[in-house]
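Asker: Before anything else, here's the structure in question.
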Amino acid sequence: MGNWRSLKTVTGLFSAIALTQFGANTSAIAADTVVVRLGLFTESISLAELQKAVKTGKLPGSLQSYTKGLSQEQRRFFLGALGMNIPMNVVTLDRLINTQIGTTILNDFATALARKDKAGVQALRAGLVLGSTAPQGLSILSFIAAYPSKRLEIDLPKAWVVAGNLNTAFWRTQQFMLAIAPQLNPITAKPGTPEIAFPFDPSQPGSDQVKILNLSLNDQKRDRKIPVDIYWSTAATPDKPIIVFSHGFASVRTDLRYLAEHLASHGYVVAALEHPGSNAANTDLALQGKTRVMKPQEFLNRPQDISFVLDELEKLKQTPNNPLQGKLATTNAMVIGYSFGGATALTLAGAELQLEHLKQRCKKNLTILSLGENIQCIAEELPENSYQLRDTRIKQAIALNPTTSLIFGETGLTKIQVPTIVLAGSADKTTPALTEQIVGFEKIPSPKSLVGIIGGTHLSVKDPSTTLDQIGQPNTPISGGEVVGEQAADVRKYVKAIALAFAAQMTPEAKNYAIFLTPDYAQFASTAAFPFRLITQIPPDAMAVVKEFVEK
């Protein structure tokens, strides 16, 4: 059934791809024949035959060689998809086409259209634009009828590959991101010409020279050796919170090195630690068959690692002649977590691990598409059904692309006690935004903010030094296609700005930085490749997108 679900995705594509205006002269030519190519074999079918098939409910005879192996259900699905009309808000959809993700999608689909003139992207745009003006709205048939060529030739295997790479959650997420702030249009608004004057640029480095202190801590009670990199400068004072960073699954403490350096250059002390049971070294051992990929105890060990590091830094603060003596606000800390570390950050902020539903769901061996859900299922082996691991020294939390869908149950996130920022990338396949961040965000008590990166992938926020392995990775439904390195520079710049502004809310400078935690600054910081969104509450129309997806 996978391919037939993909067919549904193709119709979803038409509702989610944004459109640009195309020259009016394209309407003079329109497709009246569809050619399906399978290897060396081709089969032609007229548009009239397809239209008749939708009306009669019978597949055309000329497609028998392709359809004879289909069940009745699959045949009905195929005909239903052909005839499905998609109500379109062209204005909203128009915003997506000029983003990096919109262009990528068009280019991908153009590979499935065999054209000798290589004009597939423009032809695809034109077919979508003109097809959406049909009286019944956009459908596969109205797209074919509007396609600017007498023949529409589809390479079937390529079409399935492209469709399979774009799951329903992906499209619902694009739709949601555009719905959460419809009044903002970063594409047409000229960057750099804000209506509001911003006092300075928080993404620029501070004046303090950054130093790095490497520590190797040993928690004898839990038999865990925890390496920590402390980023600091001589300007650090206990007036500013200490910031602790928790890395992702199978990763390293340099995940967000650029962000640690940025915050340290502004006088903050950042402690980036490594979780020994879920870091890259542990994964390497697992690949050699020497240990498990991750033990269930790791869900408890990770927040305890951070509490332990804060204990040790408290001792360091009081150690004579230590460079950090008197500089550490260990009882006034902010935690930043990325991916699985995002869940760790939320746990420290008060979110309760609630595992009853997780244990039921994971036992069913459902086909789980996202890596994020697979990782959470490891927690089903924990003996208790709930765990509360809040550390009251943590006064604020930032969770970047966190995993939240299963481990916090129905009400675990309602127990968060501190101001929280959740960041979501619209093109994240590892921890899909709708299920892992947006549904959970709704449950977090205010004060809170949701930051949406349209076109951001799971690894976009990471330090370029940790994403070099992405070059040449195949693009599949569950991985690949990552926007990283120089391509994601805009994302990292915005993350630097909001992380600094949020940390400053715990200092006497709070008012000076509050303006950078607003939708207006998100609008100003947006670029053509990455429109940014920041909201503190999900509006009802956007929530409807979430509910419709979750209930299916």
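The values are calculated or read from the model by the stated rules, or taken from the named source; none is laboratory data. Since we're looking at a predicted model, the values are computed, not measured. So basically every Cβ, Gly included, is an ideal-geometry build from the backbone, and we count neighbours across all protein chains shown.
Asker: Residues that are in the same structural domain as A272 (by TED's automatic domain parsing), charged (D, E, K, R) and closer than 30 Å to R253 by Cβ: does the stretch 510-519 have at least one?
Answerer: No; the residues of the stretch 510-519 include none that is in the same structural domain as A272 (by TED's automatic domain parsing), charged (D, E, K, R) and closer than 30 Å to R253 by Cβ.
Asker: Follow-up. Counting just the residues of the stretch 520-537 that are over 16 Å from A197 (Cβ atoms) and either touching a helix residue (DSSP H, G or I) at 6+ places or on another chain (Cβ under 7 Å) or outside the structural domain of V422 (by TED's automatic domain parsing) (or both), which one comes out surrounded by the most Cβ atoms within 10 Å (Cβ to Cβ)?
Answerer: Step by step, filter the stretch 520-537, then rank; the result is F532.
Asker: Which condition from (1) of a type in the set (S, T, Y); (2) crowded, with 24+ Cβ neighbours inside 10 Å; (3) in a helix (DSSP H, G or I) is the one that T431 breaks?
Answerer: (3)
Asker: Please go through the stretch 441-457 and give me each residue that is modelled with pLDDT of 95 or more and crowded, with 22+ Cβ neighbours inside 10 Å, ordered by number.
Answerer: Once the filter is applied, which keeps residues that are modelled with pLDDT of 95 or more and crowded, with 22+ Cβ neighbours inside 10 Å, the stretch 441-457 yields F441, I444, S449, L450, V451.
Asker: Which condition does T330 not pass, out of (1) touching a residue at least 40 places away in the same chain (Cβ under 8 Å); (2) touching a Leu at 6+ places or on another chain (Cβ under 7 Å); (3) assigned to a helix (DSSP H, G or I), if it passes all the others?
Answerer: Going through the list (1) touching a residue at least 40 places away in the same chain (Cβ under 8 Å); (2) touching a Leu at 6+ places or on another chain (Cβ under 7 Å); (3) assigned to a helix (DSSP H, G or I), T330 breaks only (3).
Asker: So, A488, is that one out of contact with any Cys (no Cβ under 9 Å at 6 or more places or on another chain), assigned to a helix (DSSP H, G or I) and surrounded by 20 or more Cβ atoms within 10 Å (Cβ to Cβ) or not?
Answerer: When the stated conditions are applied, A488 passes them.
Asker: Which ones in the stretch 372-421 are free of Cβ contacts under 8 Å to residues at least 40 places away in the same chain, polar (S, T, N, Q) and buried (at least 18 other Cβ atoms within 10 Å of the Cβ)?
Answerer: Q376, S405 - these are the residues of the stretch 372-421 that are free of Cβ contacts under 8 Å to residues at least 40 places away in the same chain, polar (S, T, N, Q) and buried (at least 18 other Cβ atoms within 10 Å of the Cβ).
Asker: For D463, state whether it is closer than 23 Å to I375 by Cβ and modelled with pLDDT of 95 or more.
Answerer: Yes, satisfied.
Asker: Please verify whether V244 is buried (at least 24 other Cβ atoms within 10 Å of the Cβ), modelled with pLDDT of 95 or more and assigned by TED's automatic domain parsing to the domain that holds K462, treating the condition exactly as stated.
Answerer: When the stated conditions are applied, V244 passes them.
Asker: Okay, moving on. Looking only at the stretch 527-542, which residues are under 22 Å from I398 (Cα atoms) and not in a loop (DSSP other than H, G, I, E, B)?
Answerer: F532, R533, L534, I535
Asker: Moving on. Can you tell me which of (1) within 30 Å of A236 (Cβ to Cβ); (2) in a helix (DSSP H, G or I); (3) within 18 Å of the chain's Cα centre (by Cα) is the one N512 doesn't meet?
Answerer: (3)
Asker: Also, I was wondering about something else. Just the residues that are more than 20 Å from Y338 (Cβ to Cβ) and either part of a strand (DSSP E or B) or of a type in the set (V, I, T) (or both), please, taken from the stretch 372-397.
Answerer: S386, Y387, T392
Asker: With the structure loaded, tell me whether V418 is of a type in the set (V, I, T), assigned to a loop (DSSP other than H, G, I, E, B) and out of contact with any Ser or Thr (no Cβ under 9 Å at 6 or more places or on another chain) or whether it fails that test.
Answerer: Considered against the rule, which asks whether it is of a type in the set (V, I, T), assigned to a loop (DSSP other than H, G, I, E, B) and out of contact with any Ser or Thr (no Cβ under 9 Å at 6 or more places or on another chain), V418 comes out as yes.
Asker: Considering only residues of the stretch 55-65 that are in contact with a helix residue (DSSP H, G or I) (Cβ under 8 Å, 6 or more places away or on another chain) and at pLDDT below 80, which is surrounded by the most Cβ atoms within 10 Å (Cβ to Cβ)?
Answerer: L59
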